[in-house]
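Worksheet: one structure, shown below.
Bear in mind that the values in this text are calculations on the coordinates, not laboratory data. Everything numeric here is computed off the predicted structure, so don't read it as measured data. Cβ atoms come from the backbone with ideal geometry, glycine included; neighbour counts cover every protein chain shown.
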Amino acid sequence: MKPREEIVHLKQFVKNHPDNKMAWYLLGKEYMLQGKHSKANYCFLEAGEVYEAFESKQHPILTQQRQAIEQWARRRKRALLAKRALLALLILFGLTVIAPRAESPEEPVAQAPSSEAAEEPPDDEGEGAATGDKEPEQALDAAPIVAEGELTVSFGTGQPEQALAANLSALLREPSWGRGMAVLLAVRQPYRIWSDEMRPLLEASRDAAGSDVQLTMLDAEACVCAPEDSAAASERLAAWGAEQEQRWALASAIHHYARLTDSWPAGVEELAGPYPDNYMAGDSAAMREMYDVVLETMQRQHAGSAPAGALRPLTASETGPRYGSLGLPQQPLEIVVDTEQYALLVLSGDVVVRSYPVGLGGERTPEGQFQISEKVKNPNGRSDGEFGSRGMTLSDTDYAIHGTNDPASIGRDDSLGCVRMARADIEELYDLVPIGTSVTIQAGGAPEGKGAAPPSGEFRLTPQQDETNPDKVYRWLD
């Protein structure tokens, strides 16, 4: 299309008189008639208050730009406050820190085209004018490589940016780790939830001398920045989490063995004996590796005597960096059955380690306090019978937690009083909790929404002895 004569004259005029805002406005109107909206917008922005006077509004691009700049300013203020909090903590603990580089105060933000040295509007006819809503990215220093497995994890709850400073503070109290990680744990009142949804917020690495600390931000919401890729950190967290579950199970077995026999076990093999001494349903390489550390720590906690109560949380310096956790309870595992929500929870303190759906017996299921007094595989010689492949007797009564050959009964009151579980669930629970585990059956108690999603990986031990009991006919109140 041949340019209108008015456009030719106006283009020449604004070149010679770039400060004439009326000329820019008229040129923009001519471009609008031609359907050249990008060029029209350029001219309208140059027209400034003349455009606003004739159109009775500010140009949309300027409005978006102002909003973007205000949003950027708010986020930058939050980022600076977070950095100041982190640096204050680091100064408090007297450590040298190599932190992510801060934003420069002079870093440019989106700006409207200037009328100085104005040139002819660009020739492109695209409709996607910039709106200035892209936030400036931060450059982050990479953390140095430290030995795999040397990991201490600090857990927090609440909003990511609120949890970050508290978690870092906890990490810096422990001088023994080579790599530390701050993690956000989800909350469903009244519990914290142990699951694959745990979010790594930050990794911190010490140098060989233990003085310099390198921080790597992993969560955009926590640091208000462009974080590093968290995939590798998430893999390290998952591996550490699997070891923590092994430690929970092992420490619980040691605790109940000592409580019930008034002696400490001589080794993992004594915990994983044949029926009826199968406190644990086997063992694992991780349990054998950590056994001496866990046993020695528990003996120190109880001054050399058999444990009588809950274990206090362990520090990284007590357990060694590989097993260190801060802010995570180390109490023996216990079971709570919520008869209202048909849910069985495995707890350590206020942390839900697992949550399973169960079948019950309505009023025939007794409420109260019990403990697992017996664990048996393939009750009555079968894995597909009415009690399924696993059974755990409650306080030497006719009630038990066991499997079922009627999976449709899960979530209903079809039993005569026992707690029924799906096969995969009962087999995992059987491996996770030892003989002596406390079991509370009550109305209520599961977290809000009853949905504590457990980690995707199943907890399994390697059987070492025969855990069947062919000499007994089980008559649990199924």
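Using a Förster radius of 35 Å, what is the FRET efficiency between T397 and D350 based on their Cβ-Cβ separation? Nearest 0.05, please.
So the FRET efficiency works out to roughly 0.75.
Whole Å is fine, so just give me how far the alpha carbon centre of the stretch 219-238 lies from that of the stretch 344-368.
34
Which FRET efficiency value, to the nearest 0.05, do you get for E458 and S38 by plugging their Cβ-Cβ distance into 1/(1 + (r/R0)^6) with R0 = 45 Å?
0.20
Residue by residue through the stretch 355-368, what is 3J(HN,Hα) from phi via Karplus (6.51 cos²θ - 1.76 cosθ + 1.60, θ = phi - 60°)? Round to whole Hz and write x for glycine and proline.
9, 10, x, 9, x, 10, x, x, 5, 7, 7, x, 8, x
Within 10 Å of each residue's Cβ, count the other Cβ atoms and sort W240, W248 from fewest upward.
W240, W248
If amide hydrogens are placed 1.01 Å from N in the peptide plane, which non-local residues have theirs closer than 5 Å to the one on S325?
Amide H to amide H, under 5 Å and 5 or more residues apart or across chains, S325 pairs with V153, A316.
What's the center-to-center distance, using Cα atoms, between the stretch 262-285 and the stretch 379-411 in Å?
23
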